[in-house]
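Colleague: Pasting a structure here, questions to come.
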Amino acid sequence: MSGGLVLLMVGDELLDGRTRDTNSEWIIDRTREAGWHIAQIEVIADDVDLIASAISRHSERATAILVSGGLGPTCDDLTRDGLALAMGAELEFDTQVFAHIEALFVARGRPMSGSNRRQAMRPSAARVIDNPVGTAPGLLAEVAATPVALLPGVPTELKAMFEATLMGQFAPLLDGSAVPMRRLRTTGIAESTLADMVEDALSGDGQLDLAYCVSTWGVDILLRDPDPARLQHLAAVLHSSLDDLVFGERDSSLPGVVLEHLRALGQTVAMAESCTGGLLGAALTSVPGSSEIVLGGVIAYSNALKESLLDVPAGLLEAHGAVSEEIARAMARGVCARTGADWGISTTGVAGPGGGTKEKPVGMVCVGLCGPGLDATARTLRLSSGRDSVRRWSVATALDALRRGRLTWLR
């Protein structure tokens, strides 16, 4: 598909790993509801020629271009220069912009450096985009009749300027430009198994625009179709076929779905964590309003704390070891008893990279669950791919157990 919005993210720090590009993620999320088609994202070094070349090249096909970064006052902030080169224009000093920057420094009680003069430079044909929270003004110009907007790379400034000006400026050009999409979010199933199930379910529905994306909590299914009615039909087929493997759509988060489920039941939860070290509690309490549902938790790495804070019997630890289903069950029972929560969820395991044995290798994790009408139960996971991955999938499994009210095996 030609056209759409091209995002050019400028900065050496994005290329050498010093800074993560969160701006493009935010723009994609912000414009999804309006149906904007993001045609391409390109990361560019702080180089005038590279910036100018990218703007000129994309102006031939893009509906609009947004350039982020390189509008500061230092010598490596070269995006203004790149725009001027792409326009075949010179940078000129804007006295009104400079006066505004001076006033900002006075209002903040800070001296202004001479280098801030650079931020008042612009091609004469470029219009200034006001920055309500910082000193770097944005610019709006045209290259080959394609609108090009320059915004600062500082996320708070970019977001404020995008909301105040650019969303409205670009909306007539980009609203509804993307092919309609549904994103079904799944958990508790491997990507390859999910793909087999999806393709079996949709085998009689002709050509499909279908993709899979591993997410924090599982695997997302991305369905696209220009016909909204057909898209609705395909999504309905998958909901029916996959059943409770689908925990939500679009931006639904697994912790948010879990808390809404427990809130509807009028129930509470508490966590007993060992190998996840508080990640399970952090996931649940990241959701606004979680204090109504989450009573608290215990991080008990040592056996001594498992005994003293969770009432895990010493004899059980001696007989089975800390990484065992018996201990996971005892931890879940203990945190329920100690906090009075309706549900108790526990994790204990070997996250790695060291600490594994032949009997209990790295990646072995036991998740325990107890709750209303459910005697404490546990299951053992065999995970891989490093410490972070082991802990993340342990959290996802524990959350899914709370969502379903039971422990299930990963398919």
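The values are calculated or read from the model by the stated rules, or taken from the named source; none is laboratory data. For clarity, every value in this text was computed on a predicted model and none was experimentally measured. Methodologically, a virtual Cβ is constructed for each residue, glycine included, from the backbone with ideal geometry; neighbour enumeration extends over all protein chains shown.
Colleague: Of all residues in the range 350-386 being under 19 Å from residue 405 (Cα atoms) and of a type in the set (Gly, Ala, Ser), which is surrounded by the most Cβ atoms within 10 Å (Cβ to Cβ)?
Modeller: 368
Colleague: Ok, one more. Among (1) touching a Ser or Thr at 6+ places or on another chain (Cβ under 7 Å); (2) within 24 Å of residue 6 (Cβ to Cβ), there is one condition residue 101 misses while meeting the rest; what is its number?
Modeller: All conditions pass for residue 101, except number (2).
Colleague: Kindly indicate whether any position in the range 28-51 is in contact with a Phe, Trp or Tyr (Cβ under 9 Å, 6 or more places away or on another chain) and either part of a strand (DSSP E or B) or surrounded by 15 or more Cβ atoms within 10 Å (Cβ to Cβ) (or both).
Modeller: Yes, the conditions are met somewhere in the range 28-51.
Colleague: Are there any pairs, at least 6 apart or on different chains, whose C-beta atoms fall under 7 Å, with the first in the range 246-260 and closer than 7 Å to residue 184 by Cα and the second modelled with pLDDT under 95, and if so, which?
Modeller: These pairs meet every condition: 249/182; 249/183; 250/183.
Colleague: Can you list the helices (runs of 4 or more DSSP H) lying wholly within the range 158-270 that have 2 or more residues being in the same structural domain as residue 138 (by TED's automatic domain parsing) and at pLDDT below 95?
Modeller: Working: elements: 167-174, 191-201, 228-242, 254-265.
By residue number, 167-174.
Colleague: Among the numbered conditions (1) without any contact (Cβ under 8 Å) to a residue 60 or more places away in the chain; (2) more than 26 Å from residue 226 (Cα to Cα); (3) part of a loop (DSSP other than H, G, I, E, B), tell me where residue 73 comes up short.
Modeller: Exception for residue 73: condition (1).
Colleague: Condition first: under 12 Å from residue 329 (Cβ atoms) and out of contact with any strand residue (DSSP E or B) (no Cβ under 9 Å at 6 or more places or on another chain). Can you find one or more residues in the range 377-393 that meet it?
Modeller: No, there is no match, as no residue in the range 377-393 is under 12 Å from residue 329 (Cβ atoms) and out of contact with any strand residue (DSSP E or B) (no Cβ under 9 Å at 6 or more places or on another chain).
For every residue, the table says whether it meets (1) small (Gly, Ala, Ser); (2) over 26 Å from residue 13 (Cα atoms).
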| residue | (1), (2) |
| --- | --- |
| 41 | no, no |
| 64 | yes, no |
| 75 | no, no |
| 101 | no, no |
| 111 | no, yes |
| 119 | no, no |
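Colleague: Follow-up. Being within 15 Å of residue 345 (Cβ to Cβ) and either in contact with a Phe, Trp or Tyr (Cβ under 6 Å, 6 or more places away or on another chain) or of a type in the set (S, T, N, Q) (or both) is true for just one of 298, 294, 269. Which residue is that?
Modeller: 269
Colleague: Counting just the residues of the range 161-170 that are more than 16 Å from residue 29 (Cβ to Cβ) and of a type in the set (A, V, I, L, M, F, W, C), which one comes out surrounded by the fewest Cβ atoms within 10 Å (Cβ to Cβ)?
Modeller: 164
Colleague: Among (1) surrounded by fewer than 19 Cβ atoms within 10 Å (Cβ to Cβ); (2) not in a strand (DSSP E or B), where does residue 153 come up short?
Modeller: Condition not satisfied by residue 153: (1).
Colleague: Oh, and also: Quick check, is residue 308 over 18 Å from residue 280 (Cα atoms) and exposed (fewer than 14 other Cβ atoms within 10 Å of the Cβ)?
Modeller: Numbers: over 18 Å from residue 280 (Cα atoms): yes; exposed (fewer than 14 other Cβ atoms within 10 Å of the Cβ): yes.
The answer is yes for residue 308.
Colleague: Can you say whether residue 322 is assigned by TED's automatic domain parsing to the domain that holds residue 284, surrounded by fewer than 24 Cβ atoms within 10 Å (Cβ to Cβ) and farther than 21 Å from residue 282 by Cβ, as far as the supplied structure shows?
Modeller: yes
Colleague: What do you reckon, is residue 117 under 21 Å from residue 75 (Cα atoms), basic (Lys, Arg) and out of contact with any strand residue (DSSP E or B) (no Cβ under 6 Å at 6 or more places or on another chain)?
Modeller: Spelling it out, residue 117 is indeed under 21 Å from residue 75 (Cα atoms), basic (Lys, Arg) and out of contact with any strand residue (DSSP E or B) (no Cβ under 6 Å at 6 or more places or on another chain).
Colleague: Sticking with this one: Given the criterion modelled with pLDDT under 95, within 23 Å of residue 84 (Cα to Cα) and of a type in the set (A, V, I, L, M), identify the matching residue among 136, 144. Show your work before the answer.
Modeller: Working: 144 fails: modelled with pLDDT under 95.
Checking each option against the conditions leaves just 136.
Listed here are the residues, each with its yes/no results for (1) touching a Gly at 6+ places or on another chain (Cβ under 8 Å); (2) of a type in the set (Phe, Trp, Tyr); (3) at pLDDT below 95.
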residue: 10; (1), (2), (3): yes, no, no
residue: 34; (1), (2), (3): yes, no, yes
residue: 48; (1), (2), (3): yes, no, no
residue: 57; (1), (2), (3): no, no, no
residue: 63; (1), (2), (3): yes, no, no
residue: 99; (1), (2), (3): no, no, yes
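Residues are listed down the side, and each one gets a yes or a no for (1) at negative phi; (2) of a type outside the set (S, T, N, Q); (3) touching a His at 6+ places or on another chain (Cβ under 8 Å):
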position: 34; (1), (2), (3): yes, yes, no
position: 40; (1), (2), (3): yes, no, yes
position: 58; (1), (2), (3): yes, yes, no
position: 68; (1), (2), (3): yes, no, no
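Colleague: Kindly indicate the residue of the range 278-288 that is in contact with a helix residue (DSSP H, G or I) (Cβ under 7 Å, 6 or more places away or on another chain) and surrounded by fewer than 23 Cβ atoms within 10 Å (Cβ to Cβ) and also farthest from residue 364 (Cα to Cα) among those meeting that condition.
Modeller: Here the answer is 287.
Colleague: Is at least one residue of the range 315-326 among the hydrophobic types (A, V, I, L, M, F, W, C) and touching a Leu at 6+ places or on another chain (Cβ under 7 Å)? Talk me through it step by step, then tell me what you get.
Modeller: Going residue by residue through the range 315-326, those that are among the hydrophobic types (A, V, I, L, M, F, W, C) are 316-317, 319, 322-323.
Applying the additional criterion that residues be touching a Leu at 6+ places or on another chain (Cβ under 7 Å) yields none.
Looking through the range 315-326, none of the residues is among the hydrophobic types (A, V, I, L, M, F, W, C) and touching a Leu at 6+ places or on another chain (Cβ under 7 Å).
Colleague: Pairs only if they're at least six apart or on different chains, beta carbon under 6 angstrom, first in the range 385-396 and closer than 12 Å to residue 275 by Cβ and touching a residue at least 40 places away in the same chain (Cβ under 8 Å), second in a helix (DSSP H, G or I) and not acidic (Asp, Glu); list them, first residue then second.
Modeller: Close Cβ pairs satisfying both conditions: 391/279; 395/279; 395/280; 395/283.
Colleague: Mind checking which residues of the range 238-256 are closer than 17 Å to residue 196 by Cβ and loosely packed, with under 14 Cβ neighbours inside 10 Å? Working first, answer last.
Modeller: Of the residues in the range 238-256, the ones closer than 17 Å to residue 196 by Cβ are 238, 240-243, 245-246.
If the condition is that a residue be closer than 17 Å to residue 196 by Cβ and loosely packed, with under 14 Cβ neighbours inside 10 Å, then 240, 243 are the ones that fit.
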